[in-house]
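One structure is given below, encoded as structure tokens.
The values are calculated or read from the model by the stated rules, or taken from the named source; none is laboratory data. What you see is a predicted model, and the numbers here were worked out from it, not measured in a lab. Positions of Cβ are generated from backbone atoms using ideal geometry, with glycine treated the same way; all protein chains shown enter the neighbour counts. Heads up: the accessible areas ignore ligands, DNA and RNA and are worked out on the full protein's heavy atoms, side chains in. Shrake-Rupley method; radii C 1.70, N 1.55, O 1.52, S 1.80 Å.
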Amino acid sequence: MTASSTLRHALSNTTLMISTTASALSSTALDLPSAYSNYVIHNSSSVSQIESALRSLTYLLPGSRLHDTELASESLHTFVQLLSIYHDNLLARASKLMPAAQAALKQKTSPHARYTKFWAKRSALYRQLAIALKVAQYTELLWEMVARRRLGGDKARWRVVVLLESFKAVCRLLLMRLTNTRPLVSPPLPTREDVAPPELPVLSEADPPLDWNGMSPDPLGPQISIGSESLGSGRSWMMPRTKLTLPDLPDPDAITSYLVTKVITPDDIKPAKQLLHKLGTLQAQLAEILYILRPVVYALLMQRYAARYGKKGGKAQWTPWLVGISIEYLSRQLAKRSLERRISGGVSTGLTALEREELKKRGWGMGWWAMRGAFYENVTKSVVDGVVGRLKGKPLLDLVGGVVEDYGYLWDEYHFSTSTM
């Protein structure tokens, strides 16, 4: 009887211990998302550095010498990119709940951030489409690799490419419609720097003390010293009654720099939606639609020529390349002509800062045509191979040559490795 009661007591204690442990583990698991969110919100700069380090690692490991290496590397890169979208959403929600953070972000908000924040706040569908577009852009190369490796080779790869390009084009057309026929901006949502709440500095004993009314003794910030010489004017003055010393007068250059940061430009006082002019003519709308549909047309032509001439033979054909770059160049020229006619001052002086920035991005994006299709196969590839050959066998430079060779493999095998939209 005593042994039986002892056994029951031990079983009861074991059951209680298991129940307590399970409850603790469950509570910890439930608290993990909240703890992770708090860490991201309070350490946004550290999180950004970790993301950048992981991206840099994947950039150095594109992989061609080991089977499926590029697939593993791109999977890691895609995971980091998708995780960054989640972090951006966490930081954006956190900054909305912090009035001080909102005030600080308004002081440093760029025209791009003002414009994209306005439309994301005004239209929930705009935000959803913009996120879907970013997800498609971040995952497109991985889907192409999976299609080529796992779903049936080159034919399946081109089906996936055309499907993804069509999906992105539909998203962009809807975004253009939601913004009342305004041109697209890239990216369609604010960047990390524009949504992350600023991390509050922690004062240490080495920081200069505040004056008698709680203000910093130097409103323009600390002066720079070299050795024992200060860049201030050196005109300090001791008050005879209190024996307190007034701070040095700031350097005139420091005052000028401070005031320049406070200058209000015309774009600063414009409503956010007016930072981009509407596409008010059929010519302007045609230019933007051609720009949006160009990747779809190019992918369809590449698919057709690959089916007719084979993978290498189709890529070496000039027709898809010439049609693609011609559409993009025509779109750019039509947009410029429309702006010259519609806007006072034209392209040279009439554009807003955001329009100039977007036009510049699209101009630089045309440079990627040197890495696509027939131009790469017939011209650029021989240059890349020559550079790799010269670097091989040389200390340190051989490592650079290996990375270039790996990227050459990606440029040669995958459509989305040179995509800019």
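Under a 1.4 Å probe, what is the accessible area of the stretch 115-166 per residue, stated in Å²?
Spelled out: the 1.4 Å probe surface of the stretch 115-166, per residue, equals 48 Å².
Which order do the peptides 302-310, 368-376 come out in when sorted by mean C-beta neighbours inside 10 angstrom, highest first?
Per-residue mean Cβ counts within 10 Å order the peptides as 368-376, 302-310.
What length, rounded to one decimal in nm, is gained on full extension from A124 through to Y39, with 0.36 nm per residue of separation minus their alpha-carbon distance?
Fully extending the segment from A124 to Y39 adds 27.9 nm.
Grab the beta carbon distance between L174 and W368, set R0 = 22 Å, and tell me the FRET efficiency rounded to 0.05.
The formula returns an efficiency of 0.30 here.
Which stretch or stretches of the stretch 169-187 have amide N atoms under 18 Å from the point lying 7 Å from V135's Cα along the Cα→Cβ direction?
Those under the cut-off are 169-175.
What residues from the stretch 320-353 fall in the zone where the backbone N is under 15 Å from a label point 7 Å along the Cα-to-C-beta line of K278?
342-343
What's the local net charge at L359, with K and R +1, D and E -1, over the other residues with C-beta under 10 Å away?
+3
Give me the net charge for the shell around R177: Cβ to Cβ below 13 angstrom, other residues only, Lys and Arg +1, Asp and Glu -1.
Taking every other residue near R177 into account, the sum is +2.
At 1.4 Å probe size, put W411, W321 in order of accessible surface, largest to smallest.
The ordering from most to least exposed comes out as W411, W321.
Gain in length, K394 to S326, computed as 0.36 nm per residue apart minus the alpha-carbon separation, to one decimal in nm?
Contour length minus Cα-Cα distance gives 20.4 nm.
Kindly rank 289-299, 384-394, 175-185 from highest to lowest mean number of other beta carbons found within 10 Å of each residue.
Output ranking for 289-299, 384-394, 175-185: 289-299, 175-185, 384-394.
Apply 1/(1 + (r/R0)^6) to the Cβ-Cβ distance of R337 and L244, taking R0 = 51 Å, and write down the FRET efficiency to the nearest 0.05.
Step by step, r from the Cβ atoms, then E = 0.15.
With charges only on Cβ, +1 for K and R and -1 for D and E, what is the dipole size of the stretch 300-421 about its Cα centre, in debye, rounded to 20?
The calculation lands at about 440 debye.
Can you tell me, using C-alpha contacts under 8 Å and at least 6 residues apart, the relative contact order of the stretch 292-421 as a whole percent?
Rounded, it is 22 percent for the stretch 292-421.
Hey, which of these cross-link pairs are over 23 Å Cα-Cα: K336/K360; K361/K392; K96/K360; K315/K381; K134/K273; K336/K381?
Distance filter (> 23 Å) returns K361/K392; K96/K360; K336/K381.
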